[in-house]
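The values are calculated or read from the model by the stated rules, or taken from the named source; none is laboratory data. Worth saying up front: this structure is predicted, and the values here are computed from it rather than measured. Please note: Cβ atoms are built from the backbone with ideal geometry, for glycine as well, and neighbour counts cover all protein chains shown. These accessible areas exclude ligands, DNA and RNA; they are computed on the full protein's heavy atoms, side chains included. Shrake-Rupley method; radii C 1.70, N 1.55, O 1.52, S 1.80 Å.
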Amino acid sequence: MRIIQTQQDIDSLQYSSLSPSFLKHIQEYFTQLRNSFHNQDDPYFSLQPSGPIFILEAGDNLHDLSLVGFRREDDGLFGSYPEYVELFDLGSIQIYKIAVMNTNDYIITLFTQVGIHHKEAEQWLKEQAEV
């Protein structure tokens, strides 16, 4: 799992194994959030007060995402109540965007690539996205 809160976090993704289209999508979303919340030139901007972006990776235990706030006791991601789940076709890959609103001012956004999780998770994501 990767956590994105600052421009430095975005910059560090350049060295990850994310596909270029996935990386570009995350960068554009971060920029959109930064521009809507704050001065776009602020080098100290952070998503921490309004909700970070999480990138779920193969091998992440979706039943226990305590770091995100989705506890094992509540079945992790599967016990959450997403505001919405969207499927994006980025050409070479497809990704899900999962938005969970904790309060009116705090939204957790998770991204994950289609097909990298176990069958149950893929089915749940598909149902949530109404695909």
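Once the chain from Val131 to Leu87 is taken as fully extended at 0.36 nm per residue, the excess over their C-alpha distance is 15.1 nm. One decimal place: the segment Met1-Gln48 gains 15.3 nm when fully extended, by the rule 0.36 nm per residue minus the C-alpha distance. Rounded to the nearest 0.05, the FRET efficiency derived from the C-beta distance between Glu120 and Gln32 at R0 = 30 Å is 0.45.
With the convex hull of its Cα atoms as the shape, the stretch 1-107 has an orientation-averaged projected area of 7.1 nm².
Full extension of the chain between Asp105 and Asp64 gives 12.3 nm of extra length, using 0.36 nm per residue less the Cα-Cα distance. Take the chain with all the other protein chains still there, run a 1.4 Å probe, and you get 58 Å² of accessible area per residue. Calculated mean residue ellipticity, 222 nm, the chain: -8000 deg cm²/dmol, from DSSP H runs (n ≥ 4) at -39500 (n - 2.57) each, averaged per residue and rounded to 500. Counting only alpha carbon atoms, the long axis of helix 20-37 and the longest principal axis of the chain meet at about 60°. With respect to the chain, whose longest principal axis is taken over its alpha-carbon atoms, helix 119-128 is tilted by about 60°. The antiparallel fraction among DSSP beta bridges confined to the chain stands at about 80%. Accessible surface of the stretch 45-91, 1.4 Å probe: 46 percent of it comes from carbon and sulfur atoms.
Computed log10 I(q)/I(0) for the stretch 39-97 at 0.14, 0.15, 0.28 Å⁻¹: -0.57, -0.64, -1.18, from the Debye equation with unit scatterers placed on every C-alpha and solvent omitted.
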